[in-house]
1. Can you tell me which residue in the stretch 231-246 is surrounded by the fewest Cβ atoms within 10 Å (Cβ to Cβ), limited to those that are of a type in the set (A, V, I, L, M, F, W, C) and either within 18 Å of residue 265 (Cα to Cα) or at pLDDT 95 or above (or both)?
2. Which count do you get for residues in the stretch 84-116 that are under 13 Å from residue 131 (Cβ atoms), of a type outside the set (Ser, Thr, Tyr) and in a loop (DSSP other than H, G, I, E, B)?
3. Is it the case that the stretch 140-148 has a residue that's more than 18 Å from residue 107 (Cα to Cα), touching a helix residue (DSSP H, G or I) at 6+ places or on another chain (Cβ under 9 Å) and not in a helix (DSSP H, G or I)?
4. For the stretch 189-222, which residues satisfy the criterion of being part of a strand (DSSP E or B) and either more than 29 Å from residue 179 (Cα to Cα) or assigned by TED's automatic domain parsing to the domain that holds residue 293 (or both)?
5. Output the residues belonging to the stretch 3-39 that are outside any loop (DSSP other than H, G, I, E, B) and crowded, with 20+ Cβ neighbours inside 10 Å.
6. Mind checking which residues of the stretch 262-301 are among the small types (Gly, Ala, Ser), touching a residue at least 40 places away in the same chain (Cβ under 8 Å) and in a helix (DSSP H, G or I)?
Amino acid sequence: MTAIDRLHDALAAHGEIRRDEPMSRHTTFGIGGPADLFVTVRSSEGLGAADRAARDAGVEVFVLGSGSNILVADGGIRGVVLDNRARTEHPGSDGLTFRLESGTSFAAFARKMCRAGLDGLSWAVGIPGTLGGAVVYNAGAYGGCLADVLTRVLLQDASGRRDWVPAPALGLVYRGSAFTRGQFAGKTVLETEVRLAPGDAAALVERAAGHDKKRLAAQPRGRNAGSMFKNPADRPAWKLIDDVGLRGARRGDAAISEQHCNFFVNYGNARASDVASLVEEAERRVFDQFGVRLEREVAFVGAW
């Protein structure tokens, strides 16, 4: 019996398990090979227990949120993918503070807060990820970011120890954190806590609608992972990619969007290798022509 076989039995108490599950079914790109074990958990307790069981077995763990902002390799993901659907919300007694399990939809929560007249997240109504993913990448848009409202997070380390960590200790920066810099390796986000401010519900809903309108006008629909690159300081990534002549470039069914050059799209049955080829071409051309090294915002995960 292999380690994966033994772990399958150990994880049965914590979630729904599938073997060799195609990750293309679970990513906004619609791309990705199979995960050895795919476990759906529905509470922070279940997430923590499954994470601990996998790590105790010496098996690699990848926590999946909404499947946005990632490109999974054609070879899939070795080890365990924890499909995080832990979404319970715990309002605080002050009416402004909320403790949220890390699988909570960021966009759905933001919209609910706008309707409730609580300010601080109207910019997030179009963010297609979870609160856990938003912590890792310090998600942001339209001049706002999670760091503006995040107060603390509940983390579990590889040994199973859990601690509430204050937001300033997370090193949150533009589209990055201690997680993306490798400083919190082995730590899993179980819960988050945010604090909002009183606001006017009608004004917040109107502001959110304005952000929706801008996003729909600027960004392509269909299967993609969001912005591929972070914006350099001097000019946006889309402009650099456009200026080197890559608008609309294709590799198989993968393409750089004609509408927005920082979006790479799957027009049919694109492979991860097709997307990666386009990404590398954009990086090479932009550096050769402008001396700018594009930094990826989308995470490349799995067996590359």
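1. Only one residue tops the list, namely 246.
2. 4
3. Among the residues of the stretch 140-148, not one is more than 18 Å from residue 107 (Cα to Cα), touching a helix residue (DSSP H, G or I) at 6+ places or on another chain (Cβ under 9 Å) and not in a helix (DSSP H, G or I), which makes the answer no.
4. Once the filter is applied, which keeps residues that are part of a strand (DSSP E or B) and either more than 29 Å from residue 179 (Cα to Cα) or assigned by TED's automatic domain parsing to the domain that holds residue 293 (or both), the stretch 189-222 yields only 198.
5. Correct list: 7, 11, 21, 23, 24, 34, 35, 36, 37, 38, 39.
6. 272, 273, 276, 282
The values are calculated or read from the model by the stated rules, or taken from the named source; none is laboratory data. Since the model is a prediction, treat every value here as computed from it, not as a measurement. Cβ sites come from the backbone with ideal geometry, for glycine too, and all protein chains shown count toward neighbours.
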